[in-house]
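> Take this structure, written in structure tokens, and hold onto it; I'll ask about it next.
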Amino acid sequence: MQNSPFVDFQDVWLAYNDELLAQKQYAVEAIDLQVQEGEFIAIVGPSGCGKSTFMKLATGLRMPSQGKIRIDGQPVTGPLKISGMAFQAPSLLPWRTTVDNVLLPLEIVEPHRSQFKQRYDEYQTRARALLQKVGLGGYEDKFPWQLSGGMQQRASICRALIHEPKMLLLDEPFGALDAFTREELWCILRDLWTEQRFNVILVTHDLRESAFLADTVYVMSKSPGRFVVKRNIDLPRPRELEITYTKEFTDIVHELRGHIGAIRKQGVGVPQ
């Protein structure tokens, strides 16, 4: 089983309802994707190309109209418990402290939910250690309105990781932040991933972000979305921010930008 991919999409198509299916109007089409265990992938493409639809399929929130999806060796038949998610808006509950926001998945996801009261102290310790790791030591008992946008997003990532998922799904997680804060969070995510080696699927518009963080970047075509370019990022790890100023790095970013520019012009996929 070791060589079987952790994420396996086989000829996956999705239409959002029966009427669109009858008209053969798909949101994503012909998606074949194999991701190895512990791999970090990024998905880029023009707005409205189906990146978020792909995420719904990868988390089991949507079932494909056609094709098969297996994750961690199991067919996907509904929402996955082995994944954590973070979005562009941190969506922390305003009446809960930072640490209580981070603990939320443990309160609602089995098997943690039934053990929550008995293991509360242990879970608190875990949450506080994770918050320390992302630079939020001293802010554990503050409320969301007392935190900056970057701090809220750090807390959101902690919340996505608190139940130790095998896969982290990130949908434009740093899109609303200033450039300096964004790069800080890249490094935090890099360090958490290096330490724990969970799978990551990152959807982003930021080509520098995708090249800095990912092992592999996939470019999606305009809707109906399909993967038209697969680019392995063969930059050595661990990567420091300094690498983003090298010619090697900027060449990759320009190449990705060229692919997306071509898609925008043609309205169809570009050849591999």
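> Does residue 210 count as among the polar types (S, T, N, Q) and modelled with pLDDT of 95 or more?
Working: among the polar types (S, T, N, Q): yes; modelled with pLDDT of 95 or more: yes.
So residue 210 fits the description; yes.
> What tally of residues in the stretch 5-24 results from selecting those that are within 30 Å of residue 73 (Cα to Cα) and polar (S, T, N, Q)?
2
> Mind checking which residues of the stretch 133-153 are in a loop (DSSP other than H, G, I, E, B) and farther than 17 Å from residue 191 by Cβ?
Listed by number, the residues that qualify are 138, 139, 140, 141, 142, 143, 147, 148.
> Quick one: which strands (runs of 3 or more DSSP E) sit completely within the stretch 1-45 and have at least 1 residues that are more than 30 Å from residue 238 (Cβ to Cβ) and under 18 Å from the mean Cα position of the chain (by Cα)?
Of the strands (runs of 3 or more DSSP E) lying wholly inside the stretch 1-45, those with at least 1 residues that are more than 30 Å from residue 238 (Cβ to Cβ) and under 18 Å from the mean Cα position of the chain (by Cα) span 28-35.
> Turning to a different aspect of this structure: Scan the stretch 70-86 and give yes if some residue there is in a loop (DSSP other than H, G, I, E, B), more than 28 Å from residue 4 (Cα to Cα) and out of contact with any Phe, Trp or Tyr (no Cβ under 8 Å at 6 or more places or on another chain), otherwise no.
no
This table checks each residue for (1) modelled with pLDDT of 95 or more; (2) over 14 Å from residue 90 (Cβ atoms); (3) outside any loop (DSSP other than H, G, I, E, B).
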{"residue": "102", "(1), (2), (3)": "yes, no, yes"}
{"residue": "113", "(1), (2), (3)": "no, yes, yes"}
{"residue": "117", "(1), (2), (3)": "no, yes, no"}
{"residue": "131", "(1), (2), (3)": "yes, no, yes"}
{"residue": "155", "(1), (2), (3)": "yes, no, yes"}
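> Based on what the data block shows, is residue 202 closer than 18 Å to residue 133 by Cα and either outside any loop (DSSP other than H, G, I, E, B) or in contact with a Lys or Arg (Cβ under 8 Å, 6 or more places away or on another chain) (or both)?
Details: closer than 18 Å to residue 133 by Cα: no; either outside any loop (DSSP other than H, G, I, E, B) or in contact with a Lys or Arg (Cβ under 8 Å, 6 or more places away or on another chain) (or both): yes.
No, not satisfied.
> From the list 217, 253, exactly one residue is farther than 30 Å from residue 129 by Cβ and touching a Ser or Thr at 6+ places or on another chain (Cβ under 6 Å). Which is it?
On inspection, the qualifying residue turns out to be 217.
> Keeping to the stretch 90-145, report how many residues are within 25 Å of the chain's Cα centre (by Cα) and on the phi > 0 side of the Ramachandran plot.
Residues meeting the conditions: 2.
> Further question on the same structure: Checking the conditions here, which among 155, 160 is within 27 Å of residue 72 (Cα to Cα), among the aliphatic types (A, V, I, L, M) and in contact with a strand residue (DSSP E or B) (Cβ under 8 Å, 6 or more places away or on another chain)?
The match here is 160.
> Of everything in the stretch 248-264 that's within 18 Å of residue 48 (Cα to Cα) and crowded, with 18+ Cβ neighbours inside 10 Å, which residue is modelled with the lowest pLDDT?
263
> On to the next question. Starting from residues that are without any contact (Cβ under 8 Å) to a residue 40 or more places away in the chain and under 15 Å from the mean Cα position of the chain (by Cα), keep the ones in the stretch 57-80 and report whichever is surrounded by the most Cβ atoms within 10 Å (Cβ to Cβ).
This residue is 60.
> For residue 90, all conditions in the list (1) under 23 Å from residue 198 (Cβ atoms); (2) in contact with a strand residue (DSSP E or B) (Cβ under 6 Å, 6 or more places away or on another chain); (3) at pLDDT below 90 hold save one; what is the number of the exception?
Of (1) under 23 Å from residue 198 (Cβ atoms); (2) in contact with a strand residue (DSSP E or B) (Cβ under 6 Å, 6 or more places away or on another chain); (3) at pLDDT below 90, only one is false for residue 90: (2).
> Among (1) at pLDDT below 95; (2) in a loop (DSSP other than H, G, I, E, B), where does residue 195 come up short?
Result: residue 195 passes all but (2).
> Quick one: would you say residue 241 is at pLDDT 95 or above and surrounded by fewer than 16 Cβ atoms within 10 Å (Cβ to Cβ)?
Judged against the criteria, residue 241 is a match.
The values are calculated or read from the model by the stated rules, or taken from the named source; none is laboratory data. This structure is a prediction, so every number in the text was calculated from the model and none was measured. Don't worry about glycine lacking a Cβ; one is built from the backbone with ideal geometry, like all the others, and counts go over all protein chains shown.
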